[in-house]
Amino acid sequence: MSRLLAVAPVLPGPAHPQSEITDTIGPLLTRSPATRAVLRRLHAASGVETRHTALRLDEYAGLTSFGEANDHFIRVGTDLAEEACRTALDDAGIDPGEVDFLLFTSVTGIAAPSIDAQLVTRLGLRTDVKRLPSFGLGCVAGAAGIARVHDYLTGHPQDVALLVSVELCSLTLQHGDDSMANLVSTGLFGDGATAVVMVGDAHPAGRTPGRPDDAARVPRSRGSRAARATAAGAAPRGVEVVDTRSRLYPETADHLGWTIRDSGFGIVLSAGLPEVIAAHLAGDVKSLLVEHDLTTEDVGTWVVHAGGPRILDVVRDSLGLDEADLRHSRESLAAVGNLSSSSVLHVLAATLAARDASPSGGAGPHGVLMAFGPGVSAELVLLRRTPSLEG
């Protein structure tokens, strides 16, 4: 068992209306008035109303080099990652020096040393912190990151872990690419980052009440505010990560991902992606829930990656959900677009912040978090709310 203590989403710059973004990048993609008319229709139907961008909109006309775009990714991405981590650690009451494991994920830029290495000095993490940078999981990586951190904390129950996602999708803009996939994606994806703080169940802030062996499991660090509060008798905070499932669907690799070009990352986005999810999702969710004697009716809250209107429709219809179950996903899509790996984490933050919805919901203490990515792959995380989140 592990416990999720804090989720901190961050966004670069001001929000730009979707129509303004469309008008700015349209001439960069095509000279054809007819194609630009198609672009406007696709962007208007994307479910996105505003997005944030790593650069000023007028800077994208000159962004034609992969190297220059990647330099911006490192510069802006490291700043956003630091901001998200500081906020998450402060919200969790965890000191930077307590962090034992740092998992960093992105699919929109590369760096060596990776951004997580830069965070060690910026945040004041210990130099013996275990780091694991990840590239290639794409949109599924926010959910997969929680799952893999959970795996680590199961084996290191006294530890503190930090998950960091940075996605600057606007920097992957491909000038002159008027393919249908690029026309759709340039209206869907946005820029943002998220940090998540998690602890194992033997850490003072994550211990399960009534465990007979609590007293025998002494964590290395006791100095955090979270540890002191729990030691003083406060109930454990946050959301329990109960279980996870990973799925990779064979012969679907051409549905989603990148082609690597001299100019950078070219989008691969198939119109058949929603059908792949529709064919498998209900069975995958059932296999996760049945091992805990649960059904979809027992799930109070659904935290769904805001992959796009059709993806959300498929999730709703496959699982027999109400539109209200996807409220935070729809709102996130409208406000910031699809943030790739950070998308589901932004939805999770909104869910936890809402007074009327958290991973217990009105129907019970359980929630399911899910995301989808290249492969095609899916990641499911079963959550359980604790009494200290009541109200």
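Structure summary
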item	result
Apportionment of accessible area to carbon and sulfur, region 1-101, percent (1.4 Å)	53
Residues with amide H under 5 Å from that of GLY13, placed H, sequence gap 5 or more	none
Of all accessible heavy-atom area on region 246-391, the percent that carbon and sulfur account for (1.4 Å)	53
FRET efficiency, THR121 to GLU331 (Cβ-Cβ, R0 41 Å, nearest 0.05)	0.70
Estimated dipole of region 40-160 in Debye, rounded to 20 [Cβ of Lys and Arg +1, of Asp and Glu -1, Cα centre]	480
Solvent exposure of the chain as accessible area per residue, Å², 1.4 Å probe	39
Residue (of ALA202, HIS150, VAL381) at the positive-pole extreme of the chain, dipole from beta-carbon charges	ALA202
Inter-label distance, nm, simple model (7 Å from Cα along the C-beta direction), ARG131/LEU57	3.7
Interchain or long-range residues, amide H under 5 Å from LEU102's placed H	LYS130, ARG131, LEU132, LEU162
Student exercise, the chain dipole from Lys, Arg, Asp, Glu Cβ charges, in Debye to nearest 20	560
Dipole of the chain, positive end: most advanced residue of PHE73, LEU269, VAL314 [Cβ charges, Cα centre]	PHE73
Check: region 1-65 dipole with +1 on Lys, Arg Cβ and -1 on Asp, Glu Cβ, in debye	220
Distance histogram for region 53-207 (every C-alpha pair counted, 10 angstrom bins, percent rounded to whole numbers)	11, 39, 30, 14, 6, 0
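The values are calculated or read from the model by the stated rules, or taken from the named source; none is laboratory data. None of these values were measured; they are calculated from a predicted model. Note that we place each Cβ from the backbone using ideal geometry, even for glycine, and neighbour counts take in every protein chain shown. Heads up: the accessible areas ignore ligands, DNA and RNA and are worked out on the full protein's heavy atoms, side chains in. Shrake-Rupley method; radii C 1.70, N 1.55, O 1.52, S 1.80 Å.
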